[in-house]
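To keep things clear, I will list the structure first and then write my remarks on it.
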Amino acid sequence: MERLKAVSHPIRLRVLALLHSSELSVCQVAEILQVPQSSVSEALRELRRAGFVSERKEGRWVFVSVIPGFEGDPLLKGILMEALRLPEVEADRTRAGMVKGQAIAVVCGKVQAAETKEATRV
């Protein structure tokens, strides 16, 4: 039940679709999805709790990926097949190519600047 709940939100599906092919930093995920980093962190917390993703820290950056071996999991495989059909996921994949070409420090700087700007506007 916990696993189904974890994928019941569109952002979590989009995160899984992004991570199924490669590891990304939390900042990269936020930039690709064009959502606040706090939303990505919440989505990742639920996906981690359900056992779909893992994280590792490298210096200042946190990297996330689908837990190895889950590619053969029938539930995850079915979920990913459906998620990859979402129009938003196609746009995410296009943005991912651009974001991956940028240094992580640059991406994280943009994400943090956008959040600071948003916080001062509220």
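The values are calculated or read from the model by the stated rules, or taken from the named source; none is laboratory data. Because the structure is predicted, anything quoted here is derived from the model rather than measured. Cβ coordinates were reconstructed from backbone atoms using ideal geometry, including for glycine residues, and neighbour counts include every protein chain displayed. Side chains included, ligands, DNA and RNA excluded: accessible areas come from the protein's heavy atoms. Shrake-Rupley method; radii C 1.70, N 1.55, O 1.52, S 1.80 Å.
The table for this structure:
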read-out: 2 or more residues under 12 Å from Val15 (Cα atoms) and open to solvent by 60 Å² or more (accessible area, probe 1.4 Å): qualifying helices (runs of 4 or more DSSP H) within the stretch 38-122; value: 87-100
read-out: Residues of the stretch 54-84 classified as modelled with pLDDT under 80 and touching a Cys at 6+ places or on another chain (Cβ under 8 Å), total; value: 0
read-out: Residues (small (Gly, Ala, Ser), on the phi < 0 side of the Ramachandran plot and free of Cβ contacts under 8 Å to residues at least 40 places away in the same chain) located in the stretch 48-77; value: Ser54, Gly72
read-out: Residue that is modelled with the lowest pLDDT, among those in the stretch 1-10 that are farther than 10 Å from Ala83 by Cα and in a helix (DSSP H, G or I); value: Glu2
read-out: Hey, Val26 under 18 Å from Lys110 (Cα atoms) and among the β-branched types (Val, Ile, Thr) or not; value: yes
read-out: Restricting the stretch 12-36 to residues that are within 8 Å of the chain's Cα centre (by Cα) and open to solvent by 30 Å² or more (accessible area, probe 1.4 Å), the residue that is farthest from Arg85 (Cα to Cα); value: Arg12
read-out: Any pair with Cβ under 8 angstrom, 6 or more apart, that starts in the stretch 24-38 at a residue that is among the small types (Gly, Ala, Ser) and ends at one that is part of a loop (DSSP other than H, G, I, E, B) and at pLDDT below 95; value: Ala30/Pro36
read-out: Residue satisfying condition, being touching a Lys or Arg at 6+ places or on another chain (Cβ under 9 Å) and under 19 Å from Glu2 (Cα atoms), within set Leu76, Leu86, Leu80; value: Leu76
read-out: Pairs with Cβ under 8 Å, 6+ apart, first in the stretch 78-105 and more than 12 Å from Leu16 (Cα to Cα), second in a loop (DSSP other than H, G, I, E, B); value: Arg95/Gln34; Lys100/Ser22
read-out: From Glu55, Glu31, residue being over 19 Å from Val89 (Cβ atoms) and either of a type in the set (Asp, Glu) or touching a strand residue (DSSP E or B) at 6+ places or on another chain (Cβ under 6 Å) (or both); value: Glu55
